[in-house]
1. Specify which of the listed residues (Lys161, Lys156) is more than 13 Å from the ligand (Cβ to nearest atom) and loosely packed, with under 14 Cβ neighbours inside 10 Å.
2. Please go through segment 173-186 and pick out each residue that is away from the ligand (no atom under 12 Å from the Cβ) and touching a residue at least 60 places away in the same chain (Cβ under 8 Å).
3. Does Tyr123 satisfy being over 15 Å from Thr14 (Cβ atoms), surrounded by fewer than 17 Cβ atoms within 10 Å (Cβ to Cβ) and under 17 Å from the mean Cα position of the chain (by Cα)?
4. Being more than 8 Å from the ligand (Cβ to nearest atom) and small (Gly, Ala, Ser) is the filter; apply it to segment 111-146 and report the residue that is farthest from Asp184 (Cα to Cα).
5. Among Asp98, Asp77, Asp149, which is the only one that is within 15 Å of the ligand (Cβ to nearest atom), more than 13 Å from the chain's Cα centre (by Cα) and either modelled with pLDDT of 95 or more or hydroxyl-bearing (Ser, Thr, Tyr) (or both)?
6. Gly159: more than 17 Å from Gly89 (Cα to Cα), in contact with a helix residue (DSSP H, G or I) (Cβ under 7 Å, 6 or more places away or on another chain) and small (Gly, Ala, Ser), yes or no?
7. Show me the strands (runs of 3 or more DSSP E) entirely contained within segment 16-98 in which 3 or more residues are touching a helix residue (DSSP H, G or I) at 6+ places or on another chain (Cβ under 8 Å).
Amino acid sequence: MAELKRDYEHENVTIIDHPLVARDLSILRKKETSTAGFRAAMARIATILAYYALKGLPLRTTRIETPVTETEGFEIDTSIFVIPILRAGLSLADAIIDFVPDAHVGHLGMYRDETTHKPVDYYSNIPDGIDQGLTLVVDPMLATGGSADDAISYLKKHGAKNILFISLICAPEGLKRINSTHPDVPIITAAVDEKLNEDAFIVPGLGDAGDRFFGTA
Ligand code: PRP
């Protein structure tokens with residue numbers, strides 16, 4: 001029986017341990033996977049990440065009527081804000097919106113400069129009311145952590161308090177950075193990889209998630 005590796009332990013990091021995640025992550029990692037195959041595997045794994053990320057949602061009770069009798073029902077007791085970091089974050093956003101169709105969606109446009117490896121901001125649109133709900137920041141790759149760090153700081157400046165970061169693959173370097181700059185932000189991920197290479201790409205990783213998801217490689 002194959003065993004999943006658990007090289008990074010931190011109370012703020014949850015690594016999803018599920019055979020479908022292991023299978024789909026392998027499809028995403030394989031360099032010969034087509035754009036269509038990549039999108040399909042990302043959609044499946046995003047659903048599992050979203051399911052785990054939403055596990056702690058607060059509920060309020062309500063009275064409902066079944067065809068037989070009146071009984072207790074439940075409603076989600078918070079507003080939800082989904083913030084994909086463009087572009088690649090879009091690949092994880094729909095799975096959350098499918099579960100929470102009335103979620104507010106904001107966008108943060110950032111790309112990583114190829115030479116400095118530092119994030120460059122080019123767009124932001126943050127919904128009102130973010131100070132009063134649960135904010136889910138999504139980006140499949142946490143490499144140096146620069147983009148996530150900037151995104152979370154920006155959202156905090158806009159009042160976000162209850163923030164969760166959802167990622168597909170993390171490098172230990174990026175995790176350490178977010179754990180130290182934003183110790184209040186839990187991270188949900190499918191894998192913690194070995195390291196960053198000299199180009200600040202995650203190893204073994206899957207290459208550039210945005211390019212592979214959008215077919216722009
Ligand atoms: C990638 C990825 C993250 C960032 C991670 O985006 O989707 O946003 O780099 O790197 P970091 O942790 O070192 O900041 P990219 O710059 O490739 O932009 P894209 O999503 O438009 O492809």
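1. Among Lys161, Lys156, only Lys161 is more than 13 Å from the ligand (Cβ to nearest atom) and loosely packed, with under 14 Cβ neighbours inside 10 Å.
2. Asn179, Pro183, Val185, Pro186
3. No: the conditions fail for Tyr123.
4. Looking at residues that are more than 8 Å from the ligand (Cβ to nearest atom) and small (Gly, Ala, Ser), I get Ser124.
5. Being within 15 Å of the ligand (Cβ to nearest atom), more than 13 Å from the chain's Cα centre (by Cα) and either modelled with pLDDT of 95 or more or hydroxyl-bearing (Ser, Thr, Tyr) (or both) holds for just one of Asp98, Asp77, Asp149, which is Asp149.
6. When the stated conditions are applied, Gly159 passes them.
7. Answer list for segment 16-98: 79-86.
The values are calculated or read from the model by the stated rules, or taken from the named source; none is laboratory data. This structure is a prediction, so every number in the text was calculated from the model and none was measured. Cβ sites come from the backbone with ideal geometry, for glycine too, and all protein chains shown count toward neighbours.
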